[in-house]
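Following: one structure in structure tokens, then a few remarks.
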Amino acid sequence: MPLPVRRPSFPLLVALAAYLAAALCYALVTPLWQAPDEPAHYNYVRYLVEHQSLPVLQPGDYPHEYLEELKAAGFPPEMSIASIHYESHQPPLYYSLAAPILWPLVGEPLATQVYGLRLLSVALGATALLLTYRLGLRLWPRSSGLAAALAATSALVPMHTAVSAAINNDLLAEVLVIATVLVGTNLSPGPSADAGRGVSPFARFGKGGGGLGSLGLIAGLCILTKLSAAIALPLALSAVAVAGHACRGVACNAPTRRRPGMLRSLALALLPALFATALWVGRNMLTYGLGDPLGQARHDAIVTGQLRTGELLAQVGLAEFLRRGIETAFKSFWGVFGWMGVPMHEQVYWMLAIGSAVAALGLALGGWARPRQRGQARAWPWLAILGVWGVLSLAGLVWYNLKFVQPQGRYLFAAMPVWAAMLVEGPRQIQRRVPIVWRWPRQVGALALMALWLLDIAGALYYVRLYL
């Protein structure tokens, strides 16, 4: 049985207002093109509007030397960005959604077009916040305040807010991955499920497996949005497997008890994803060759000049390579703006590192508290799904860096609710076990979120000092 519909809580409204204030600040203050890959994403949408067809990635679409000149000069208006098309291999869903936004703005000044597309990202960021809140209600079904804290923490990480106020496909991918998790967690008995009542989690979806089909369809839409969001497919299959295993503890129906039923459930989740992506994959095979169904080989061939992992390893060695990668990933997760060229002050990173260490210590001391209310199932299915989500996101970052040197923390944002949940739950575990540390944990948590919001706004205004 799904959670009952609740009216928006006051903490949620505050979190949403804080996010919108910060995101609009980034969207309006950030100079044109001073966000990673924004010119290439804009040109994809522009091509779709002008030609009503998908672009084809061609040699020369990544003019490395000219792009470096543009970045060094700050993208002045007299230097055109028309030749930057290296995102043309990307899946089409986000750009198809953005094209109707850009189409009526084509005759307007370039800044108006850019701001219009940035506002689409802001709206998607707000959607991600609301879905994260919904996920928080499933993790803490008796506390709308904790759910709102999860949503606020996720949305107000400065770099995440900046990404959600730029032209890119990241936010739509994040929204769909969170939706995949929400549908997947609905399969498992947990704080909001029918555990202990003799009801199978699969029984909600009927004999036709419609819910499993929806799970697979959303995972397929993730793949059609961004390749890094393809983690949604193994995540969806993991959710089905976890639900089947968790269901053994209650009176479940045949599909959850027998191996053929489990295989059928996995197929019901897998096939819609394959069908959803079939046309795009087929088009790529016709365009780029049978051996390049995702266009990745073409992409790797044309991005000449981008630093390769093997080259840097040969220069600095493995230990220094790992040190640089971890440091860059941590800092850019919290905030390195522009094209990875505008860091925050070093003291800010030290404070964020201390806060992250406190959260990690809390999780290590207590782990996630299991539900203690009578009749509720243990929390392990939720932890398993969140754990798989986080591991898949980390694995995607590592996989990409096996080829190119790109240890950017924003690549972890597809699992942003996982990292936010760790930041929320870790301090709570410390407070539970060492009550003398914080006598007013709610007030301290509110102050921490206020400090994060102020840091977020300060990061946006940093652009004013540097560029305006």
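The values are calculated or read from the model by the stated rules, or taken from the named source; none is laboratory data. Nothing here was measured: the structure is a model prediction, and the numbers come from that model. We place every Cβ from the backbone using ideal geometry, glycine too, and count neighbours over all the protein chains shown.
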- [ ] May I ask you to say which residue of ALA329, ALA319 is farther than 30 Å from PRO55 by Cβ and either of a type outside the set (A, V, I, L, M, F, W, C) or in contact with a Gly (Cβ under 9 Å, 6 or more places away or on another chain) (or both)?
- [x] ALA329
- [ ] State which residue is surrounded by the fewest Cβ atoms within 10 Å (Cβ to Cβ) when the search covers only the range 271-291 and only residues that are farther than 21 Å from SER83 by Cα and in contact with a helix residue (DSSP H, G or I) (Cβ under 6 Å, 6 or more places away or on another chain).
- [x] ALA276
Task: Members of the range 36-76 found to be farther than 23 Å from ASP300 by Cβ, without any contact (Cβ under 8 Å) to a residue 40 or more places away in the chain and assigned to a loop (DSSP other than H, G, I, E, B), listed by number - done: GLN52, SER53, PRO76
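Of everything in the range 139-154 that's in contact with a Pro (Cβ under 6 Å, 6 or more places away or on another chain) and either under 18 Å from LEU124 (Cβ atoms) or in a helix (DSSP H, G or I) (or both), which residue is modelled with the highest pLDDT?
Looking at the filtered set, the residue picked out is SER154.
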Task: Failed item in (1) at pLDDT below 90; (2) in contact with a helix residue (DSSP H, G or I) (Cβ under 6 Å, 6 or more places away or on another chain), with SER332 passing the rest - done: (1)
Task: Qualifying position, being surrounded by fewer than 24 Cβ atoms within 10 Å (Cβ to Cβ) and either among the basic types (Lys, Arg) or at negative phi (or both), among LEU129, LEU110, LEU150 - done: LEU110
TODO: Return the total of residues in the range 32-62 being farther than 24 Å from MET285 by Cβ and surrounded by fewer than 17 Cβ atoms within 10 Å (Cβ to Cβ).
DONE: 1
TODO: Would you please list the contacts, defined by Cβ atoms under 7 Å and residues six or more apart or on different chains, that run from a residue in the range 338-352 that is closer than 16 Å to ARG410 by Cα to a residue that is β-branched (Val, Ile, Thr)?
DONE: VAL342/VAL336; PRO343/VAL336
Open item on the list: Can you find a residue that is without any contact (Cβ under 8 Å) to a residue 24 or more places away in the chain and of a type in the set (A, V, I, L, M, F, W, C) anywhere in the range 18-32?
Closed with: no
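Might you check whether a residue that is among the polar types (S, T, N, Q), closer than 21 Å to SER332 by Cα and in a helix (DSSP H, G or I) occurs anywhere in the range 94-108?
Scanning the range 94-108 turns up no residue that is among the polar types (S, T, N, Q), closer than 21 Å to SER332 by Cα and in a helix (DSSP H, G or I).
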- [ ] Keeping to the range 284-306, report how many residues are touching a residue at least 40 places away in the same chain (Cβ under 8 Å), outside any helix (DSSP H, G or I) and out of contact with any strand residue (DSSP E or B) (no Cβ under 7 Å at 6 or more places or on another chain).
- [x] 5
- [ ] Quickly run through the range 67-82 and pick out the residues that are farther than 25 Å from PRO104 by Cβ and either exposed (fewer than 14 other Cβ atoms within 10 Å of the Cβ) or among the basic types (Lys, Arg) (or both).
- [x] GLU68, GLU69, LYS71, ALA72, ALA73, PRO76, GLU78, MET79
- [ ] Taking the options LEU266, LEU313, name whichever one is modelled with pLDDT under 90 and not polar (S, T, N, Q).
- [x] LEU266
- [ ] Output the residues belonging to the range 327-354 that are crowded, with 17+ Cβ neighbours inside 10 Å and in a helix (DSSP H, G or I).
- [x] THR328, ALA329, LYS331, SER332, PHE333, TRP334, GLY335, VAL348, TYR349, LEU352
Task: Filter result (of a type outside the set (Lys, Arg) and under 29 Å from PRO417 (Cβ atoms)) within the range 310-335 - done: LEU322, GLY325, ILE326, GLU327, THR328, ALA329, PHE330, SER332, PHE333, TRP334, GLY335
Task: Yes/no for GLY409 being closer than 21 Å to VAL163 by Cα, modelled with pLDDT of 60 or more and surrounded by 16 or more Cβ atoms within 10 Å (Cβ to Cβ) - done: yes
TODO: Please go through the range 216-247 and pick out each residue that is under 19 Å from the mean Cα position of the chain (by Cα) and small (Gly, Ala, Ser).
DONE: GLY216, ALA219, GLY220, SER228, ALA229, ALA230, ALA232, ALA236, SER238, ALA239
TODO: Could you please tell me which pairs satisfy a Cβ distance under 7 Å, a separation of 6+ or placement on different chains, a first residue in the range 444-455 that is modelled with pLDDT of 75 or more, and a second residue that is not β-branched (Val, Ile, Thr)?
DONE: LEU452/LEU156; LEU455/PRO158
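Only one residue in LEU93, LEU135, LEU124, LEU102 is surrounded by 18 or more Cβ atoms within 10 Å (Cβ to Cβ) and either of a type in the set (S, T, N, Q) or farther than 25 Å from THR30 by Cβ (or both). Which one?
LEU135
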TODO: Sort through ARG324, ARG298 and tell me the only one that's under 24 Å from the mean Cα position of the chain (by Cα) and surrounded by 14 or more Cβ atoms within 10 Å (Cβ to Cβ).
DONE: ARG324
TODO: Would you point out the residue of the range 370-393, among those that are closer than 15 Å to LEU137 by Cα and outside any loop (DSSP other than H, G, I, E, B), that is modelled with the lowest pLDDT?
DONE: TRP382
